[in-house]
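Encoded as structure tokens, the structure appears first; notes follow it.
The values are calculated or read from the model by the stated rules, or taken from the named source; none is laboratory data. All values derive from a computational prediction rather than experimental measurement. When we count neighbours, we look across all protein chains shown, and the Cβ atoms used for this are built from the backbone with ideal geometry, even at glycine. SASA here: full protein model, heavy atoms, side chains in, ligands and nucleic acids out. Shrake-Rupley method; radii C 1.70, N 1.55, O 1.52, S 1.80 Å.
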Amino acid sequence: DVMETQEHYKSRWRSIWIMHLTMFLSSVGFSIVVMSVWPYLQKIDPTADASFLGWIIASYSIGQMVASPLFGLWSNYRPRREPLVVSTVISVAANCLYAYVHVPHSHNKYYMLIARALVGFGAGNVAVVRSYIAGATSLTERTSAMANTSACQAVGFILGPVFQTCFTLIGEEGVTWKLIRLQLNMYTAPVLFGALLGVINIILIFAIFREHRVDDMGRQCTSINFEEEGIFGGLDQDAEGSIDQVAVVSVNFLFFVILFVFAVFETIATPLTMDMYSWTRKEAVLYNGIILGVVGIESVFVFMVVKTLSKKTGERALLHGGLMIVLVGFFILLPWGKKLPNIQWQEIKNNSIPRITFSELLPLWNLEAMQLSSNHTAEPTGCPVSQSWCLNTPKIYLAQYISSDVLIGLGYPVCNVMSYTLYSKILGPKPQGVYMGWLTASGSGARILGPVFVSQIYTHLGPRWAFSLICGIVVLSLLVLEIVYKRLIAFSVRYGRMQE
């Protein structure tokens, strides 16, 4: 072990910032087409329905869940540049495939499904990114570096839809390059832009990225994938000792819960506001887009604040506080009042009302519900009577919804950063690729199961059951955190090499 030179320090942080850029581009690759997938799918393959759209959205997370442990394992034994470049090449190729899904004469929807799954597979490199940052930072630098990584990821999710909006100026027809059968329009331009960003990322990885590693105290050392003077060095003696597997499993569970409840929050926003506030589809997309955009900006600020706050309180206390804030956010969403939501009375005229007596319907009459539109072709708004809970579940007021958004937007980023930071510190100086891969995979699994869970519970049982169960899950995670609280310490602290 040697003290770090100034040249090594600068090169190390240049490489870390390249990893931040990789994380940003990975999240842009997901979010840049989210708003346009459905209309593009309808255009290229009229046989596709809404359920197939669900598979296309989920395919990204499925691809990432499969790839993360594989790229993580690869990065444990080989220079990290290899899995980083290969994963980015896969993402670039997948984006190009997405731009050409209109070409085949049939089964176009399956080509789109494959393209999005491959983009997700390429995004499995976030495990490599996180494991590199964990190995290239000291304990005192780790929280700040992880917060910056999550901030870059959040900014990518925010800017993706912004890029998509800018490309709508090209129009649905756009221009066609007949020689290579390329259509450049509002659906394909975003993914081609994403492919261009991927190529730039590959160039920067070759030009700037270098393998670096420091121990928990910031001393320069070598590892099995740190190439210097043509040889691979061995692990330093500080790597001796076993990893606390109970702490590892616990953080994986906590991270799953955190991603699960946030996926529920994102998924439920549109149907909840349409049911509760009689918003049209267009209004729900617009207003929730604005709200989620503001929440995203709030998250970036939180990422910046936790870097300083963690030095005073510690990561475990912040994780506990973040989970408490999320719990309060969902608790606020429980229906508390007496006023019922407006009902889609148009469905009654279409004879689709369930068997309900007049005495049950009588309390539901209110002025807004009675104001049926004279234009029968207008989009029906309100809570559909096909959801029987609409007839007896109180309305969630807009102030409740906004307050919940603010609190969840505050608690989620805190939990996200603290989970990654604690996890990397628990793992210590040993190669973290596979472990980071499993953590990323647990998050991807949560993003798959969250929307499925909430759509079933909310549709059949209503918001009271849905949000009560979420509150129960968060309480369970808090209990788990309390049980393992003393075990969530850094590897070096556990073996007495550093003081907490």
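Overview of values
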| quantity | calculated |
| --- | --- |
| Ratio Rg/Rh [Cα only; Rh per Kirkwood] for segment 1-146 | 1.10 |
| For S278, distant residues with modelled amide H under 5 Å away | G382 |
| Cysteines (scope the chain) whose Cβ has no counterpart Cys Cβ under 4.7 Å | C96, C152, C166, C221, C415, C471 |
| Cut-off under 5 Å, modelled amide H: who pairs with Y100 long-range | none |
| Between segment 258-306 and segment 1-72, the alpha-carbon center distance in angstrom | 20 Å |
| Pairs from K311/K425; K10/K425; K282/K338; K425/K486 whose Cα-Cα separation, in the structure shown, is over 21 Å | K10/K425; K282/K338 |
| For segment 79-95, Karplus couplings with θ = phi - 60° (6.51, -1.76, 1.60), whole Hz, Gly/Pro x | x, 5, 4, 4, x, 5, 5, 4, 5, 5, 4, 4, 5, 4, 4, 5, 5 |
| Surface accessible to a 1.4 Å probe, per residue, for the residues of segment 1-222, Å² | 42 Å² |
| Contour minus Cα-Cα distance for C166 and R487 (0.36 nm per residue) | 110.7 nm |
| Order of exposure, largest accessible area first, which applies to R80, R210 with probe 1.4 Å | R210, R80 |
| Surface share of carbon and sulfur [accessible, 1.4 angstrom probe, percent] for the chain | 66 percent |
| Magnitude of the charge dipole, the chain, Cβ model with Lys/Arg +1 and Asp/Glu -1, debye to 20 | 260 debye |
| Correct option for Cα Rg over 2.2 N^0.38 Å [calculated from the coordinates] among (1) 1.06; (2) 1.02; (3) 0.97 | (1) |
| Cut-off under 5 Å, modelled amide H: who pairs with I343 long-range | C383 |
| Relative packing of peptides 335-342, 7-14, 174-181 - highest average C-beta neighbours within 10 Å first | 335-342, 7-14, 174-181 |
